[in-house]
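Participant: Have a look at the structure that comes next, please.
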Amino acid sequence: MTQPNRPVTVRVMEKDYRIVCPPEEQGMLLRTAEYLNDEMAEIRKTSKVLSTERIAVLAALNITRQLLEGRELSLPDNLDGEELEARIDTLLEAMERE
């Protein structure tokens, strides 16, 4: 029997986001949010971009480029591109519902 989805709070750019996800994906969600936060913090530190939205777009572009170039993002080895894309879509939908 699977456990019901539960909200998890992640922190990105000093802001908390509550995201609903299955218990077995909570660890991945936390690692993903930490990775995103690190990317966004680096952009904030090295550029004059002030808007959080612009920083988020630049981080998304950087991460996407890393994926397309085949760089290691410290994600599980058994996670293929389609599964990663599906998980990202699920997380984005959950954020939009909050």
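Laboratory data are not the source of any read-out in this text; all were calculated from the coordinates shown. Here the structure is a predicted model, which means the values were calculated and not measured. Cβ placement follows ideal geometry from the backbone for every residue including glycine, while neighbour counts extend to all protein chains displayed.
Participant: How long is the gain from Thr2 to Ile88 if the chain were fully straight, where each residue apart is worth 0.36 nm and the alpha carbon distance is subtracted? Can you show the working numbers first?
Facilitator: Working: separation 86, 0.36 × 86 = 30.96 nm, distance 2.11 nm.
Extra length available between Thr2 and Ile88 comes to 28.9 nm.
Participant: Here is a further query. Which whole-Hz couplings ³J(HN,Hα) result when phi for each residue of the stretch 23-32 is put into the Karplus expression 6.51 cos²θ - 1.76 cosθ + 1.60, θ = phi - 60°, listed in order with x for Gly and Pro?
Facilitator: Per-residue couplings from phi come out as x, 6, 9, 5, x, 5, 4, 5, 5, 5 Hz.
Participant: Between Ser47 and Leu61, what is the spin-label point distance in nm, taking each point 7 Å from the Cα along the Cα→C-beta axis?
Facilitator: 0.6 nm
Participant: Now for a different question. Check Cys21: other-chain or 5+ apart residues with amide H under 5 Å from its amide H, H built from backbone geometry?
Facilitator: Arg6, Val8
Participant: To continue, here is another question. In sequence order, what are the phi-derived ³J(HN,Hα) couplings for the stretch 37-48 according to the Karplus relation 6.51 cos²θ - 1.76 cosθ + 1.60 with θ = phi - 60°, rounded to whole Hz, with x for glycine and proline?
Facilitator: Ordered by residue, 3J(HN,Hα) equals 4, 4, 4, 5, 5, 5, 5, 4, 6, 9, 9, 9 Hz.
Participant: Go through the stretch 55-68 residue by residue and turn each phi into a ³J(HN,Hα) via Karplus (6.51, -1.76, 1.60, θ = phi - 60°); whole Hz please, and just put x for glycine and proline.
Facilitator: Once θ is set to phi - 60°, the couplings for the stretch 55-68 become 4, 4, 5, 4, 5, 4, 5, 4, 5, 4, 4, 4, 5, 5 Hz.
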